[in-house]
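The values are calculated or read from the model by the stated rules, or taken from the named source; none is laboratory data. Because the structure is a prediction, the values reported are computed rather than measured. A quick note on method: Cβ atoms are made from the backbone with ideal geometry, for glycine too, and the neighbour counts reach across all protein chains shown. For the accessible areas, the whole protein counts, side chains as well, though only heavy atoms, and no ligand, DNA or RNA atoms are used. Shrake-Rupley method; radii C 1.70, N 1.55, O 1.52, S 1.80 Å.
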Amino acid sequence: MNNEWEKDIGSLSNIKVFSNPNNAPVTISGDAANLKCIGVGTDAAVFQSLTAPAYAFKVYAQDKLDKVKNEAIVYKQLGDSSIFPTCFASYDEYLVLSYEEGKTLYDCVLQGIHIPKQVVNEVEEARAYIRSKGLNPRDIHLKNIILQNGKAKIIDVSEYTVPGNDFRWEHLKKGYEQYYHLIDGNSVPFWIVATIQKWYNQRRGNSFSYEDFTKTILKLLYKK
């Protein structure tokens, strides 16, 4: 056994991940005493190894396994960069990644933890770096960015081969610049954050207006 994570391979066979309709989070079947679920997305779940805590396993849903190899290729193309996790290996159903400590920006908003402007600047620099590697910086949002020792860490690179601009980061950056001072240092109730997220996902499309959307959100915030 050459790698510390290999001791968990047997346990991973006890866990299966299944996707759900309407872009809902995945469902996990089975468990393992030496693995802790630390994140759930629409395509995969992430588990930290408790026997080798420096490592995490991103386990894909059974009908999304084609994305494993694709994401491994993206990590290889990105190369060595401190703003992304390290991908140590890929298997049929999962990736072996570095475990990254810190709060997501989503949790920072919920808990009133200050998000420095430097983090926004670092994400902008990362987007330029991604493009320089021939990739497309999509799906960059609050749940995919960790505040780690005052710096940004982007933890999901799975959509960087998908064409087109989803404008998620552009809208978040503009919102940060214009309105973050209104909530900075204050915890925002989960129901408000979840409602904003739901409305944004429902309205996003060709006719989406950032200005109209933010007016609606400001009305919601001042009614809390």
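Among the residues in the range 48-66, are any touching a residue at least 40 places away in the same chain (Cβ under 8 Å), in contact with a Cys (Cβ under 7 Å, 6 or more places away or on another chain) and not charged (D, E, K, R)?
No; the residues of the range 48-66 include none that is touching a residue at least 40 places away in the same chain (Cβ under 8 Å), in contact with a Cys (Cβ under 7 Å, 6 or more places away or on another chain) and not charged (D, E, K, R).
Return yes when Gly30 is under 17 Å from Ile146 (Cα atoms), open to solvent by 20 Å² or more (accessible area, probe 1.4 Å) and of a type in the set (Gly, Ala, Ser) and no when it is not.
Judged against the criteria, Gly30 is not a match.
Any residue in the range 161-179 that is under 17 Å from Thr86 (Cα atoms), modelled with pLDDT of 95 or more and in contact with a helix residue (DSSP H, G or I) (Cβ under 8 Å, 6 or more places away or on another chain)?
No: the range 161-179 contains no residue that is under 17 Å from Thr86 (Cα atoms), modelled with pLDDT of 95 or more and in contact with a helix residue (DSSP H, G or I) (Cβ under 8 Å, 6 or more places away or on another chain).
Just to be sure I understand the filter: pairs with C-beta atoms under 7 Å, separated by 6 or more residues or on different chains, first member in the range 1-25 and under 19 Å from Tyr99 (Cα atoms), second member assigned to a loop (DSSP other than H, G, I, E, B) and among the β-branched types (Val, Ile, Thr). Which pairs pass?
Hits for this filter: Lys7/Thr51; Asp8/Thr51.
Would you point out the residue of the range 44-68, among those that are in contact with a Lys or Arg (Cβ under 9 Å, 6 or more places away or on another chain) and closer than 15 Å to Asp92 by Cβ, that is surrounded by the fewest Cβ atoms within 10 Å (Cβ to Cβ)?
Looking at the filtered set, the residue picked out is Gln62.
Kindly indicate whether any position in the range 78-95 is touching a strand residue (DSSP E or B) at 6+ places or on another chain (Cβ under 9 Å), over 28 Å from Pro163 (Cα atoms) and among the hydroxyl-bearing types (Ser, Thr, Tyr).
So far as the range 78-95 goes, no, none of its residues is touching a strand residue (DSSP E or B) at 6+ places or on another chain (Cβ under 9 Å), over 28 Å from Pro163 (Cα atoms) and among the hydroxyl-bearing types (Ser, Thr, Tyr).
Determine whether Tyr99 is at pLDDT 95 or above, surrounded by 16 or more Cβ atoms within 10 Å (Cβ to Cβ), hydroxyl-bearing (Ser, Thr, Tyr) and within 14 Å of Trp5 (Cα to Cα).
It is true that Tyr99 is at pLDDT 95 or above, surrounded by 16 or more Cβ atoms within 10 Å (Cβ to Cβ), hydroxyl-bearing (Ser, Thr, Tyr) and within 14 Å of Trp5 (Cα to Cα).
Please determine whether any residue of the range 63-72 is farther than 23 Å from Ile130 by Cα and under 19 Å from the mean Cα position of the chain (by Cα).
From the range 63-72, those farther than 23 Å from Ile130 by Cα are 63-65; that's our starting set.
With under 19 Å from the mean Cα position of the chain (by Cα) added as a condition, the list becomes 64-65.
Yes: the range 63-72 contains one or more residues that are farther than 23 Å from Ile130 by Cα and under 19 Å from the mean Cα position of the chain (by Cα).
Between Asn136, Asn144, Asn149, which is under 29 Å from Asn3 (Cβ atoms), in contact with a Gly (Cβ under 8 Å, 6 or more places away or on another chain) and free of Cβ contacts under 8 Å to residues at least 60 places away in the same chain?
Asn149
I need every pair where a residue in the range 173-195 that is of a type in the set (D, E, K, R) has its Cβ under 9 Å from the Cβ of a residue that is surrounded by 11 or more Cβ atoms within 10 Å (Cβ to Cβ) and not in a helix (DSSP H, G or I), sequence separation at least 6 or different chains.
Listed by first residue and then by second, the contacts come to Asp184/Gly112; Asp184/His114; Asp184/Ile115.
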